[in-house]
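What follows is calculated from the coordinates using simple rules that are stated; it is not laboratory data. Since the structure is predicted, the reported quantities are computational estimates derived from the model, not experimental observations. Cβ placement follows ideal geometry from the backbone for every residue including glycine, while neighbour counts extend to all protein chains displayed.
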Amino acid sequence: MNELTEKQRRVYAFIRDTIAERHTPPTRAEIAEALGFASANAAQAHLRTLERKGFIELNARLSRGIRLTAADDTPERSEAAAAHTLNLAVIGRVAAGAPLLAVEHVERHCEVDSALFSRRPDYLLRVSGDSMIGVGIFDGDLLAVSQASEVRNGQVAVFRVDDEVTVKRFARDGQTARLQAENPDYADIVVDTERESLALEGIAVGVIRSLQ
């Protein structure tokens, strides 16, 4: 890293350490705050320099779109890069039309970039059906799921209704839970939680369409 200035080293070290500790890269604003820059634009200027020198790759479409490259081959970089890459199991198929009995075996594993997701996922579930196309979840997609014990109204999540699994938007009214489709061709699933079994399997945090 001899070609980096002291300030550039500090920026790089902050990115590397954040990925190692939190498993996700920092935002431009977080870099600016941590290193005392006047604005996120100042942080962005340093990021562009690091990218030009081959130490990182930037994805302008993501607020945390920073990936470490192989330019730094120190043990610290290797540890951070490993933390940034997730090896997720692809399990079962999630019904996005009528609920489908979940297949619990692991089909395979996929290495994915943690920066692609709003929060760290725990596994990928294969979607079957088109009831959620209104939010960009299509038949055959891999849905990134973060395990959770609670779901808020309006969140898209994976549920088990009795012995079947489905992905829907959640809405609760008293003891009634409504699992809402995002396609007018499908009716919502209404569950009386006092009389029927409803379990939260996890919160949807992203979709992968390109992996086969």
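So the values come out like this:
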{"quantity": "Failed condition for ARG119, given (1) surrounded by 17 or more Cβ atoms within 10 Å (Cβ to Cβ); (2) in contact (Cβ under 8 Å) with a residue 24 or more places away in the chain; (3) in contact with a Ser or Thr (Cβ under 9 Å, 6 or more places away or on another chain)", "calculated": "(1)"}
{"quantity": "Region 29-61: number of residues that are touching a helix residue (DSSP H, G or I) at 6+ places or on another chain (Cβ under 8 Å), closer than 17 Å to SER114 by Cα and of a type in the set (D, E, K, R)", "calculated": "1"}
